[in-house]
Amino acid sequence: MAQLLFGAVLTAIMAFSVGGTAAVAADAGSGVSANARTDVYIRDIASDTGYEPHGAIYSSFFNSPDIKICPTAVECASSTNPVVGSTSYIFVKLNNPGQYGSGISSGTLKAYYTTSGGAANWPAHWTPIGSKPLVVAAGVTTTSIAWNNVPSIGHFCLLLRWESPTDPMLFEGTATSINTQYNNNIAWKNANTVPAATPGSVSVRPYALANGLAVPAKFDLAFRPLGEAVPGAKIVADLGPEMFQRWRAAGAPGEGIRVVGNTSIQIVDPYRAQIRDLLINPNERPVLSLSFSVDQILQRPYVLQVVQVGPAKELGEKYDVGGVDYTFDPKQR
């Protein structure tokens, strides 16, 4: 099904992801013969088996289970938030083989970061962290890349890329979302922890937006609990003067929200909250501010997904272009 879907929409995807190049077959134009092709993949979602795209192109793709940040060179049980100024370690699981080749693969694993948020454009919005040459045998290979002197923006999205002469990229364009879904050797990790051990305390996180199109376009910001809504949560999005003015000029569309300040919008209904029609120009990188708090002690973690939803006229509807999973963790302060 995924392969049929790819053949049907690749032309439209190329039109959306500006400047992209693609091959209809996995090896077309790469100079790699079918019997020499290797295929290492990093999962986008837990059920990913290496097909391109990993499944329905509208499913979550920005919280790879094969990527985690750890505070030491010893792999941790779950991903942690990096500490500014410290050295953190990005652990990655490389799976071999995927669906398009076999055999031992040689290449380079590369890591990048950008401000935490929704969409991001490739390569303009990504800053290199480091790289590691590897030989990947059959099975699952776990490795790490040191992230020295974590910069002061504090909250990040990560992008991991496996680059190999025998495992070429199927497609690359401006939109990181499309690149991630159509290359099984690219994976995105957008996840964050919100301390929820102290009722009333406020955690503030940056949330960057982007437009991968060649023309100005309107995007939505959607709030989606993964499971139950966070009990007693207060979530406020500060759009800043410029984005708030644009939103007002568009008629202030949305649902499940209310204006609570000069530039701020509170999420009232977490199951259907959307801030709609945020106008973003090409190459812009507006950064919103999201604040989170709870009015009670939580008994277990809850996850809220905040997703940028963008237009793709060629596909006839809007779709997710990136987002962040925020975990409200009662063990964190």
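The values are calculated or read from the model by the stated rules, or taken from the named source; none is laboratory data. Just so it is clear, the model here is predicted, and its values are computed rather than measured. Cβ placement follows ideal geometry from the backbone for every residue including glycine, while neighbour counts extend to all protein chains displayed. All accessible areas refer to the heavy atoms of the entire protein, side chains included, with ligands and DNA or RNA removed. Shrake-Rupley method; radii C 1.70, N 1.55, O 1.52, S 1.80 Å.
A compact table of results
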item	result
Residue match in region 118-132 (condition: under 16 Å from Asn185 (Cα atoms), in contact (Cβ under 8 Å) with a residue 40 or more places away in the chain and outside any strand (DSSP E or B))	yes
Residue match in region 268-289 (condition: farther than 25 Å from Thr115 by Cα, among the polar types (S, T, N, Q), touching a residue at least 40 places away in the same chain (Cβ under 8 Å) and surrounded by fewer than 19 Cβ atoms within 10 Å (Cβ to Cβ))	no
Flag if Pro165 is open to solvent by 60 Å² or more (accessible area, probe 1.4 Å) and under 14 Å from Asn185 (Cα atoms)	yes
Qualifying residue in region 165-175 (condition: of a type outside the set (D, E, K, R), under 29 Å from Phe223 (Cβ atoms) and modelled with pLDDT of 95 or more)	no
In region 168-202, residue least open to solvent (accessible area, probe 1.4 Å) [restricted to those that are touching a Ser or Thr at 6+ places or on another chain (Cβ under 7 Å) and over 30 Å from Asn95 (Cα atoms)]	Val194
Residue ID - surrounded by the most Cβ atoms within 10 Å (Cβ to Cβ), chosen from residues in region 137-158 that are among the aliphatic types (A, V, I, L, M) and closer than 26 Å to Ser102 by Cβ	Ile145
Strands (runs of 3 or more DSSP E) within region 259-333 that include 2 or more residues more than 16 Å from Leu213 (Cβ to Cβ) and within 21 Å of the chain's Cα centre (by Cα)	274-280, 287-294, 302-312, 317-329
Counted residues, region 186-210 - those being under 30 Å from Gly173 (Cα atoms), assigned to a strand (DSSP E or B) and not aliphatic (A, V, I, L, M)	6
Identity of the residue in region 73-83, under 21 Å from Ser152 (Cβ atoms) and either open to solvent by 70 Å² or more (accessible area, probe 1.4 Å) or hydroxyl-bearing (Ser, Thr, Tyr) (or both), that ends up modelled with the lowest pLDDT	Val83
From Leu213, Leu221, residue being in a strand (DSSP E or B), in contact (Cβ under 8 Å) with a residue 60 or more places away in the chain and aliphatic (A, V, I, L, M)	Leu221
